[in-house]
Amino acid sequence: MIKAPIRFSPELEQQQPDEADIVRQLCDAFDVILEKTTEDYGRAVRSVHAKAHGVMKGEFIVAADLPSELAQGLFASPARYAALIRTSTNAGDILPDTISLPRGLAIKVLGVTGERLPGAEGSAQDFVTNNGEVFVAKDAGAFLRNVKMLARTTDRLEGTKEVLSSALRGVHNALETFGTSSPTVDTLGGAPNVDPLGETYHSVTPYRWGDHVAKYRLVPITAEQIALKGRIVDAADRPDAIRTDLRAEMARLDAEWAFEVQLCRDLEKQPIEDPTVAWDEEVSPFQRVAVLRVPAQDSWDPAQVHAIDEQTRFSIWTGLAAHQPLGNINRARNATYRHSADYRARVNRCPYHEPAGIDP
Ligand code: HEM
């Protein structure tokens, strides 16, 4: 028997006393990464998820006749929105694709209406997702230790990282044999080197869902994408293999992901403050509320790459108050994403904008 969804209230969040200090330290650690990569590339790139593999235009189609618990915020009534999409891997430096890392998918749904989150410019709703179900750290303090370690290895020992990545892929496979996985192993290069089009992408962290609270995910639904699930990209001697393969695939196929929502129905089993815990699907099944449609196109069109990679930022804090990011990790993502984007804008002398439309 599925329980009723929990009602949203600000008391569901529990602030830690040192949050502002941790955010400051995260920004300092990101500066080390940003400065090193700027020196190497002669331009600033994102301090995390620096390497894009494709930037695309699409459509976000909100379903009709959703039950009231799902028909919330952006999903309150059926609609079609233009959307921009950026696929990436999670390192702060631009590495050859032999170093296999988790995949990111960021979406900007354009022209949404409703009360905005504090400080949210423009009129978009951003969704920022990864192909892992859970996060590597329970809170931002724990994540800070990872970022400091990554800052020390940024732009160093690329050859060693390739060897390490190949060894860690073995560890990942061994763990899978026992029906488990480790986000730490994957973040260090042990993630399977999979085709981004076949992947399911998760919000990882929870969000306000109007009157309720939810996590969400994007599940590939076309037959062609399902056939690509788990396809290993051959990156030997091909530093940009993912980008090249994606471009060839997107030249011929239309991609579609179902956008599915998992409402929080049990605060003990589905914690808000700990994204290392996957929410049990028996307690709360995922339900489809929209489709992200990405028609065949050039996924590495130079004008689009410039517009999305350089002049745009994606942030979970760009959006509607009805979809407020929740929990310690999400709170720490507000100022840190802006800090990284501000650095890029300043150093590249290229301000970022909230796009007014889908074309560059
Ligand atoms: C405290 C935790 C986290 C911190 C401090 C953090 C920090 C950052 C920063 C600074 C950026 C670059 C922003 C820019 O320059 O525009 C970024 C990008 C990104 N992050 Fe996080 N992040 C955190 C957690 C997460 C989680 C849980 C996910 C999983 C959904 C995630 C997925 C992504 C993705 C996909 C991007 C690339 C967005 C794009 O394409 O522009 N991050 N993150």
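Derivation of every value follows stated rules applied to the coordinates shown; laboratory data play no part. The model shown is predicted, which means the values in this text are computed figures rather than measured ones. Cβ atoms come from the backbone with ideal geometry, glycine included; neighbour counts cover every protein chain shown.
The slack in the chain from Asp266 to Met149, taken as 0.36 nm per residue of separation less the alpha-carbon distance, amounts to 38.6 nm. Counting neighbouring beta carbons within 10 Å and listing from fewest to most, the residues Trp257, Trp300 come out as Trp300, Trp257.
Which net charge results for the neighbourhood of Glu19, defined as the other residues with beta-carbon distances under 13 angstrom from its beta-carbon, given Lys and Arg at +1 and Asp and Glu at -1? Computed value for this residue: -2. Spin-label pair Gln311-Asp359: with each label point 7 Å from Cα along the Cα-Cβ axis, the two points sit 1.3 nm from one another. Loop-resident trypsin sites (Lys or Arg not before Pro) (DSSP state other than H, G, I, E or B) in region 23-60 with no more than 16 further Cβ atoms inside 10 Å of their Cβ: Arg43. For region 203-279, applying the loop criterion from DSSP together with a ceiling of 12 other beta carbons within 10 Å to the trypsin sites (Lys or Arg not before Pro) yields Arg252. What does a probe at Ala4 reach in region 265-293, counting residues whose amide N is under 14 Å from the point 7 Å along Cα→Cβ? Those under the cut-off are 265-266.
Each part gets one Cα centre, and for region 301-338 versus region 254-290 those centres are 21 Å apart. Measuring between alpha carbons in the structure, the pairs from Lys57/Lys229; Lys108/Lys138; Lys229/Lys269; Lys36/Lys215 lying more than 32 angstrom apart are Lys36/Lys215. Once the Cα-Cα distance is subtracted from the 0.36 nm per residue extended length, the Asp18 to Glu39 segment shows a gain of 4.3 nm. As a length-normalised measure over Cα pairs under 8 Å and 6 or more apart, the relative contact order of the chain settles at 26 percent.
Charge tally for Glu268 (other residues, Cβ to Cβ under 13 Å; Lys, Arg +1; Asp, Glu -1): -1.
Could you identify which residue out of Ile85, Ile232, Ile107 has the top mean-square fluctuation in a GNM of the chain using Cα springs shorter than 10 Å? Comparing Ile85, Ile232, Ile107 in a Gaussian network model of the chain, the most mobile one is Ile232. For every other residue with a beta carbon closer than 11 angstrom to the beta carbon of Leu218, add +1 if it is Lys or Arg and -1 if Asp or Glu, then tell me the sum. Its environment carries a net charge of -1.
Sorted fewest first by neighbouring Cβ atoms within 10 angstrom, Glu268, Glu273, Glu35 come out as Glu268, Glu35, Glu273.
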